[in-house]
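What follows is one structure encoded as structure tokens, with my remarks underneath.
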Amino acid sequence: MPQVTLKGSIKVKAVIDRMFLIFVTREVTSGVAIRNTLKSELSEICYAADLVSSKNPLNWDGHIEIPPEMNIGYGTGRVFALLIQEPNPEKFTKMLDLIKGKWGIVSDVRPFLMEFSLDFYPNKKHDPKTSIRLREQMVGLLQRHHHFEKLVFKTSKADARQFYQQIDKSGDTRGKTDLLFSRSKSATRFSPDTDISQKHVRDRLNHGRKGNQLYLDATLYKGTQSENLLFRIQHKTEDAQNPKTLTKDILDDKDRRARIEVEISGHKYLAEDLELNKVSDLKGFAFRKVRNKYLSFWLPTSSHDLEEKTMVRKQLTERGLYGVELAKQLSGYEAKMAAKKINTPSAGKTRNRAGKGNTGERVAWEECNEAVGEALDALSKTWRTFDWKN
């Protein structure tokens, strides 16, 4: 068990950090007009893009799925994407009402991206030194114990990796990306970490038995926008203010926290998995669904076998559950292949040990999951007041 007691020490807050919407207007307008109107009348700084026009297209790495009813004969100036930062029911309603009143909205307003964040704040009773220690402990725990159902991605670009700033030999500061499972210089990297059927992936995982270090001042990524699922884990000490000038706003000590974000896009994940098909679904939405599928925390287990115990501890320390589960999959695959060679199928079998989860090889970190669930329940309560309809 982690040597941290959350109750009384850590406060968890859940927020919708941002969302992208798609809607169709009755009257022809432009993204600039929508942005300027929201800024002048509501003091809201948003981003709007015409999804039909070839001018100033939305710069988005993922695939924007325009629903069929929004993609039949509408010309330039009718189909828009709108980015809203930190929406709340009151602000969201005013913005949609303004757009509807000025240009009309002739279809359901649909989300095509939602970003949910969990912030872990040290209790205010703690002195600054204790607060820093608790924040850093929580960053390390989030890095190691986060688990989500859809571990399999399609490309190696989605593999777990950490990004941080490093000073090079010339004294310049440059961004550096470290993959949790690195590869030898001569190896290729076409398939994701989870595709153990590929020899070059097994070579990479074996190469990854070498040491790795998780940095508290790095951002740990899993997934990509292009695969419609992206996670970030970080020690939140600053906010970006102006992406064009790259200026930063350094947060006060009381606002610093450990943070995990999940960015979910596309019809499959939002509509099918979470049943968020249109923005009106936010009223009454059980935000715990997000925890159950994407933001839960688990503890690894092992048998009494010394070699397995050593492997689990090493991988948990250096790569978290991500490393533990891939190392176990690799061991199982290698045992299965060895059993085939000597024609003894029983040698490849693995035991399903007691515990909760799909495999029985991990157990839920109940205290953390319940704290997260309560934070998401509070978010559900906030959005019960949202009652916007077309």
Subtracting the Cα-Cα distance from 0.36 nm times the residue separation, let me have the gained length for LYS102 to GLU366 in nm, one decimal.
90.2 nm
Applying the gyration tensor rule to the Cα atoms of the stretch 138-233 (axes a ≥ b ≥ c; rounded if a/c under 1.5, else prolate if a/b exceeds b/c, else oblate), the class is oblate
Nonlocal amide H pairs with GLU44, under 5 Å, H built at 1.01 Å:
LYS39
Pull up the cross-link candidates among the aspartates and glutamates for LYS248, meaning alpha carbon to alpha carbon under 14 Å and not fewer than 8 places away within one chain.
GLU238, ASP239
Helix 306-342 axis, angle to the chain major axis (alpha carbon atoms, nearest 10°):
60
Exposure proxy check on LYS13, LYS125: fewest-to-most Cβ neighbours within 10 Å is LYS125, LYS13
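Return the subset of LYS154/LYS314; LYS185/LYS289; LYS100/LYS283; LYS39/LYS381; LYS55/LYS293; LYS154/LYS340 for which the Cα-Cα distance in this structure is over 31 Å, preserving the input order.
Values: LYS154/LYS314 27 Å; LYS185/LYS289 41 Å; LYS100/LYS283 19 Å; LYS39/LYS381 28 Å; LYS55/LYS293 37 Å; LYS154/LYS340 28 Å.
Beyond 31 Å between Cα atoms: LYS185/LYS289; LYS55/LYS293.
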If each part is reduced to its alpha-carbon centroid, the stretch 280-345 and the stretch 1-57 end up apart, in Å, by 34
Using modelled backbone amide H atoms (1.01 Å from N, in-plane), which distant-in-sequence or interchain residues come within less than 5 Å of ILE105's amide H?
ARG26
Using a Gaussian network model on the chain with a 10 Å cutoff between Cα atoms, which of TYR221, TYR121, TYR333 fluctuates the most?
TYR333
The chain: angle of helix 366-383 to the longest principal axis, Cα-based, in degrees nearest 10
10
Treating the angle as unsigned and between 0 and 90°, give the value, to the nearest 10°, between the Cα long axis of helix 89-103 and the longest Cα principal axis of the chain.
50
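If each residue of separation counts as 0.36 nm, what is the full-extension length gain between SER184 and ILE167 once their alpha-carbon separation is subtracted?
Computed gain between SER184 and ILE167 is 3.8 nm.
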Could you work out the relative contact order of the chain? I mean the mean sequence separation of Cα pairs under 8 Å and 6+ apart, divided by the number of residues, in percent.
20
If you build a Gaussian network model of the chain, linking Cα atoms that sit under 10 Å apart, which residue out of PRO300, PRO111, PRO68 swings the most?
PRO68
When Lys and Arg each count +1 and Asp and Glu each count -1, what net charge do the other residues less than 9 Å away from ASP193, Cβ to Cβ, add up to?
-1
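Which longest run of the chain has no exposed loop site in it, a site being GluC sites (Glu not before Pro) in a DSSP loop with at most 12 other beta carbons within 10 Å, and the site itself not part of the run?
Working: sites that count: GLU27, GLU149, GLU275.
Here the longest segment lacking exposed loop sites spans 150-274.
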Spin-label point model (7 Å from Cα, Cβ direction): what's the LYS248 to LYS125 distance in nm?
3.3
Under a Gaussian network model of the chain whose springs join Cα atoms within less than 10 Å, the largest fluctuation of GLN162, GLN315, GLN213 belongs to GLN213
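FYI, it's all coordinate maths here, none of it is from the lab. These numbers come from a predicted model, not from an experiment. Here the Cβ is made from the backbone with ideal geometry for all residues, glycine too, and neighbour counts use every protein chain on show.
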